[in-house]
Amino acid sequence: MNDYDKYISPFSERYASKEMQYLFSYNKKFSTWRKLWLALAESEKELGLSQITDEMISEMKEHIYDINYDVANVYELKFRHDVMAHIHAYGEQCPKAKGIIHLGATSCYVGDNTDIIVMKEALELVKKKLVNVIDILAKFANEYKDLPCLGYTHFQAAQPTTVGKRATLWLQDFLSDYYDLEYVLASLKLLGSKGTTGTQASFVELFNDEDAPNKLDNLIAKKMGFDGVYPVSGQTYSRKVDCRVYNILTGIATSATKMTNDIRLLQHEKEIEEPFESNQVGSSAMPYKRNPMRSERIASLARYVISNSLNPFMTASSQWLERTLDDSANRRITIAEGFLAIDGVLDLCINVTNGLIVNEKVIEKNLKEELPFMITENILMDKVKEGKDRQELHEEIRRLSIEAGNRVKKEGLPNDLFDRLCASEKLHISKEEKEAYFDAYKYTGRASEQVTDFLTNDVNPVLKKNKDLLGIKVTINK
């Protein structure tokens with residue numbers, strides 16, 4: 001059977017980066033198992049188990065990465081147990097150490113600790129890409145903080161904002177994801193070596209010492225780059241950990257979908273467009289089309305992550321007592337594909353935000369078409385200040401607005417409300433007032449200042465802290 005005769009995950013072919021794919025590869029998984037077995041043996045030796053020799057340790061170190069998969073596969077068909085299969089396969093390569101590999105441990109020692117290690121490294125890759133999205137959006141917001149544009153509520157024309165201010169809404173969502181990620185990443189711990197029901201009984205027996213198991217846990221954690229282990233567990237670490245990690249992925253998926261939905265709407269208005277390559281085809285039937293396919297792909301992948309967000313919670317809640325195995329097959333798929341999908345989402349977010357096209361003339365045109373309706377309140381206020389009757393002016397503006405609205409909606413003609421307002425003898429708008437009223441920036445409030453304050457006080461400190469992660473390049477596979 002060749003590759004064209006079997007299912008191949010789209011995450012491998014189209015969506016996820018090589019870096020993220022490696023973290024969930026067999027080589028990463030089983031080499032980490034071997035590192036954990038080595039850490040266990042080294043720690044047990046350091047704590048006084050004389051049967052473990054330097055020669056055994058050296059032998060185990062020599063065969064961390066040259067995994068004999070063919071041998072392991074034969075053993076797994078025989079045992080129907082992947083951990084036992086790899087213990088035996090490792091043992092064949094390390095005949096002197098064969099008898100002490102996995103000493104005192106249960107399967108979750110390698111399985112669960114590896115999952116934590118991989119999730120931590122995957123979160124670090126997600127963090128790297130997330131801060132790059134934040135950096136690009138920050139630059140975009142700053143560049144366009146003063147560019148007035150039509151604001152929308154309910155996707156109906158509303159009070160103007162600026163292009164940069166709108167971008168800060170996307171930016172703030174991603175920033176909250178960053179804070180959540182930092183908190184969870186900093187709190188991740190190893191399972192350690194807790195034994196079959198989490199009591200450490202096998203290690204108390206092995207060392208004949210009540211204090212040795214905790215020392216063993218701490219030594220293993222340190223060797224594997226962790227500050228410590230979870231203080232209590234069953235055979236597995238609590239599956240609530242998976243829930244907390246997956247929440248990060250779901251949050252990023254939500255933020256990315258919100259942003260790209262906005263971009264898709266704005267592309268329809270021809271105001272902002274995602275990048276479009278010179279040879280890119282928008283439609284097989286309509287050559288003129290420039291579909292926002294990257295934003296749509298982000299929404300599609302993100303929807304997969306969001307729809308899967310209940311999965312870890314269902315798994316965590318259905319674990320029986322100290323251990324059941326109904327989590328295993330589910331977690332192999334859910335955790336890996338959640339990270340692979342978000343990796344693809346973030347790569348696309350970097351690509352899209354780094355190449356956003358801002359059509360300033362279209363933005364100006366769309367704003368001018370709606371601005372006459374929005375300035376009526378300012379006109380009303382100003383004329384009342386001059387001593388005119390508010391109710392009489394309100395009726396005049398209402399009548400003229402309806403006439404202009406009918407012209408736009410029923411006749412398909414341009415909005416001439418402002419001309420009608422200026423021609424009204426009751427309003428008596430001077431030439432100077434006319435020019436001032438049509439300054440769109442006048443109606444954007446503190447939008448520009450909000451952008452500056454937000455970038456200065458909230459975003460830039462995060463970017464400064466993570467400056468070594470900035471400037472990555474991404475590749476969109478297909």
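State yes or no: is Tyr22 within 23 Å of Lys473 (Cα to Cα), free of Cβ contacts under 8 Å to residues at least 40 places away in the same chain and in a helix (DSSP H, G or I)?
Considered against the rule, which asks whether it is within 23 Å of Lys473 (Cα to Cα), free of Cβ contacts under 8 Å to residues at least 40 places away in the same chain and in a helix (DSSP H, G or I), Tyr22 comes out as yes.
For Asp326, work out the one condition from (1) touching a Phe, Trp or Tyr at 6+ places or on another chain (Cβ under 9 Å); (2) closer than 23 Å to Glu273 by Cα; (3) of a type in the set (Asp, Glu); (4) surrounded by fewer than 20 Cβ atoms within 10 Å (Cβ to Cβ) it doesn't fulfil.
(2)
Within segment 75-89, is there a residue that is in the same structural domain as Ala336 (by TED's automatic domain parsing), surrounded by fewer than 19 Cβ atoms within 10 Å (Cβ to Cβ), basic (Lys, Arg) and under 30 Å from Pro312 (Cα atoms)?
Within segment 75-89 (the criterion being in the same structural domain as Ala336 (by TED's automatic domain parsing), surrounded by fewer than 19 Cβ atoms within 10 Å (Cβ to Cβ), basic (Lys, Arg) and under 30 Å from Pro312 (Cα atoms)), the answer is no, since none of the residues qualifies.
Do you know which of the residues in segment 357-393 that are at pLDDT below 90 and touching a strand residue (DSSP E or B) at 6+ places or on another chain (Cβ under 8 Å) is nearest to Gln267 (Cα to Cα)?
It comes out as Glu370.
In segment 354-375, how many residues are outside any helix (DSSP H, G or I), buried (at least 16 other Cβ atoms within 10 Å of the Cβ) and among the aliphatic types (A, V, I, L, M)?
So the count comes out to 3.
Pick out, from segment 400-466, the helices (runs of 4 or more DSSP H) lying fully within it that include 1 or more residues that are modelled with pLDDT of 90 or more and either farther than 30 Å from Leu125 by Cα or touching a Cys at 6+ places or on another chain (Cβ under 7 Å) (or both).
Filter on segment 400-466 gives 447-454.
In the set Ala141, Ala122, Ala158, which member is at pLDDT below 95 and either within 29 Å of Thr250 (Cα to Cα) or not acidic (Asp, Glu) (or both)?
Ala158
Answer yes or no as to whether Ile57 is of a type outside the set (Asp, Glu) and in contact with a helix residue (DSSP H, G or I) (Cβ under 7 Å, 6 or more places away or on another chain).
yes
Given segment 149-255, what helices (runs of 4 or more DSSP H) lie entirely inside it while holding 3 or more residues that are assigned by TED's automatic domain parsing to the domain that holds Leu266, more than 30 Å from Ile101 (Cα to Cα) and touching a helix residue (DSSP H, G or I) at 6+ places or on another chain (Cβ under 6 Å)?
Answer list for segment 149-255: 163-187.
Can you tell me which of (1) surrounded by 17 or more Cβ atoms within 10 Å (Cβ to Cβ); (2) touching a Gly at 6+ places or on another chain (Cβ under 8 Å); (3) more than 30 Å from Lys45 (Cβ to Cβ); (4) of a type outside the set (Gly, Ala, Ser) is the one Gln159 doesn't meet?
(1)
The values are calculated or read from the model by the stated rules, or taken from the named source; none is laboratory data. Please read these numbers as outputs of a predicted model, since none were measured by experiment. Cβ coordinates were reconstructed from backbone atoms using ideal geometry, including for glycine residues, and neighbour counts include every protein chain displayed.
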